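The values are calculated or read from the model by the stated rules, or taken from the named source; none is laboratory data. Note that the structure is a prediction, hence the values are computed from the model and not measured. As a convention, Cβ positions derive from the backbone with ideal geometry for all residues, glycine included, and neighbour counts pool all protein chains shown. Please note that ligands, DNA and RNA were not included when accessible areas were found on the heavy atoms of the full protein model with its side chains. Shrake-Rupley method; radii C 1.70, N 1.55, O 1.52, S 1.80 Å.
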Amino acid sequence: GRYVQQVTLRNIGASAVQGPLVLVFDGLSANAGLYGKSGDTNCATPVGPYQDVGVGTDNVLSVGERAAIVVEFANPGNQSINYTPRVLSGVPR
């Protein structure tokens, strides 16, 4: 009932992105939960579970830089897990 996925974020923009960064799991399947989540969004709709993304000691994701995290889902029914990823930066979530 547990599933693990590695997610890699890459800054393809023209400027650095100031952290902190979080990966939000919009529309996460009702049959699954984000195990060990950092929290739920409350300032950026739609509301959803998120996990913090570490971006180094300077807390900046530079142009072309990548940040990888491992996420774990609890899925006791062993059904498909679907979500739409969304990245938020800055303090409010």
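Between the range 15-35 and the range 40-68, the alpha-carbon centres lie 8 Å apart. The accessible surface of the chain, taken with every protein chain in place and a 1.4 Å probe, is 50 percent carbon and sulfur.
Averaging the sequence gap over all C-alpha pairs within less than 8 Å and six or more residues apart, then dividing by the number of residues, gives the range 16-93 a relative contact order of 50 percent.
Count Lys and Arg as plus one, Asp and Glu as minus one, and take only other residues whose Cβ is under 11 Å from that of Val55; the net charge is then -2. Which one of Gly39, Thr8, Val60 has its Cα pushed farthest toward the positive end of the charge dipole of the chain, where Lys and Arg give +1 and Asp and Glu give -1 at the Cβ? The one lying farthest along the dipole's positive direction is Thr8. Normalised per residue, the accessible area of the chain is 58 Å², obtained with a 1.4 Å probe and no contribution from ligands, DNA or RNA. Spin-label point model (7 Å from Cα, Cβ direction): what's the Ser29 to Gln6 distance in nm? Label-label distance for Ser29 and Gln6, simple model: 2.2 nm.
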